[in-house]
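What follows is a set of notes on a single structure, which appears directly below.
The values are calculated or read from the model by the stated rules, or taken from the named source; none is laboratory data. If you're wondering where the values come from, they're calculated on a predicted model, not measured in any experiment. As a convention, Cβ positions derive from the backbone with ideal geometry for all residues, glycine included, and neighbour counts pool all protein chains shown.
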């Protein structure tokens, strides 16, 4: 495992673990390394001081006290929890209509179908057309675990 200090094009700095340097390179090339604050996939390695193991740190942690690894700071964990709660609230109070979202949203907007809270999938072109017609739609926030 290797830990990199990373920074996105918006200036957010964070750290992430990768199985190897090659794994990081491959994930970055495919746009899979994403900033946890703004979801930008324009991420690069930041300058990082090497970890030097001294005599006090040379002994591995004992089984009685396992090593702790923090991948997210407190603010980032709170943000992930808030996104999870928001997604749960949306999923609990809407009907999933799948790929029929654009068709059904348009039908409700013009009064052909009774209004109700729905969620589903739509292409970029469908979303653009709905917005041009005055249909209010919002993207659902990505699940934090979906970004890993």
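Here is how the numbers come out for the structure above:
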{"item": "Test for residue 72: is it within 30 Å of residue 135 (Cα to Cα), modelled with pLDDT under 95 and surrounded by 12 or more Cβ atoms within 10 Å (Cβ to Cβ)", "result": "no"}
{"item": "Output for the stretch 97-120, where each listed residue is closer than 25 Å to residue 79 by Cβ and loosely packed, with under 14 Cβ neighbours inside 10 Å", "result": "117"}
{"item": "Residues being closer than 15 Å to residue 94 by Cβ and either out of contact with any helix residue (DSSP H, G or I) (no Cβ under 7 Å at 6 or more places or on another chain) or at pLDDT 95 or above (or both) - total across the stretch 119-148", "result": "3"}
{"item": "All positions within the stretch 1-28 that are part of a helix (DSSP H, G or I) and either in contact with a helix residue (DSSP H, G or I) (Cβ under 8 Å, 6 or more places away or on another chain) or surrounded by 15 or more Cβ atoms within 10 Å (Cβ to Cβ) (or both)", "result": "24, 27, 28"}
{"item": "Enumeration of residues in the stretch 124-138 that are touching a residue at least 12 places away in the same chain (Cβ under 8 Å) and either closer than 22 Å to residue 87 by Cβ or surrounded by 11 or more Cβ atoms within 10 Å (Cβ to Cβ) (or both)", "result": "126, 127, 129, 130, 133, 135, 137"}
